[in-house]
Amino acid sequence: MEPRSFAGWLSFLFARVLFAGAPDADTRVRRAHLLVVLLLPAAILYPTLGFHLLEPDEGRYAQIPKEMLANDAWVVPTLQGEPYLDKPPLLYWLVALSYRTFGVTPEAARLVPAVCVHLTILAVYLIGRRSVGERGAFWAALLLSVAPGFVCVARLLLLDGLLTLCVTVSVLCGFEAVRTGTFRPMWW
């Protein structure tokens, strides 16, 4: 049956051509897979966060949240007393919270991107299992956990880990919103 209106064609294109895949019926989380996806990245990422901050970027991104805490100024980030408006402040806020919780150390600063990358791996697994199945999602998360470039980014105090998490969750939620061909506003 062919659609007769423009809206009908859009709906047909959306649900039958672009996103024609059916959801995987088996969406159960296997405990062994989830345990591997949680523990393998943790074993790779967290033990090695304590080396000296690399200049210039890591030193800058560590100093800004330190000044936020010292001056109790959370709205406008500063670097050496001057406003630093080059990057969005979310990473600085998270690092400042990490400093407040664990103390001002390189480990506390690098914990934020490591946790972001770990959450990215978990998001790939949890949402991937709904779209490509348990086996494919597990292997995707496992390979992402040991990808050298991805692991290196997670160990450095850079914006890349947080940006990767935000983009991954956005793309995967958008995919989940259109996966079944019906509008699902909670995922949008």
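The values are calculated or read from the model by the stated rules, or taken from the named source; none is laboratory data. Predicted model only: the values in this text are computed from it and were never measured. In this analysis, Cβ positions are derived from the backbone assuming ideal geometry, glycine residues included, and neighbour counts consider all displayed protein chains. Areas reflect the complete protein model, heavy atoms only, side chains present, ligands, DNA and RNA absent. Shrake-Rupley method; radii C 1.70, N 1.55, O 1.52, S 1.80 Å.
A few remarks follow.
- Candidate residues Val112, Val76, Val153: accessible-area rank, largest first, probe 1.4 Å: Val76, Val153, Val112
- Note on region 4-150: percent of Cα-Cα distances in each 10 Å bin, starting at 0 and stopping at the bin with the largest distance, equals 10, 28, 22, 20, 14, 5, 0.
- Among Lys66, Lys87, the sequence by solvent-accessible area, most first, with a 1.4 Å probe is Lys66, Lys87.
- Per residue solvent-accessible surface (Å²) - the chain, probe of 1.4 Å: 59 Å²
- The listed residues Leu85, Leu91, Leu69, once ranked by accessible area (1.4 Å probe) with the largest placed first, stand as Leu85, Leu69, Leu91.
- Residue-level accessible surface for Cys152, protein heavy atoms, 1.4 Å, Å²: 80 Å²
- Charge dipole (the chain, unit charges on Cβ, about Cα centre) - positive-most of Gly174, Val37, Gly133: Gly133
- Helix 134-146 vs. the chain, principal-axis angle (Cα, 0 to 90°, nearest 10): 20 degrees
- Whole-angstrom gap from region 86-102 to region 105-173, using each part's C-alpha centre: 19 Å
- Relative contact order computed over the chain (Cα-Cα under 8 Å; 6+ residues apart), in percent: 29 percent
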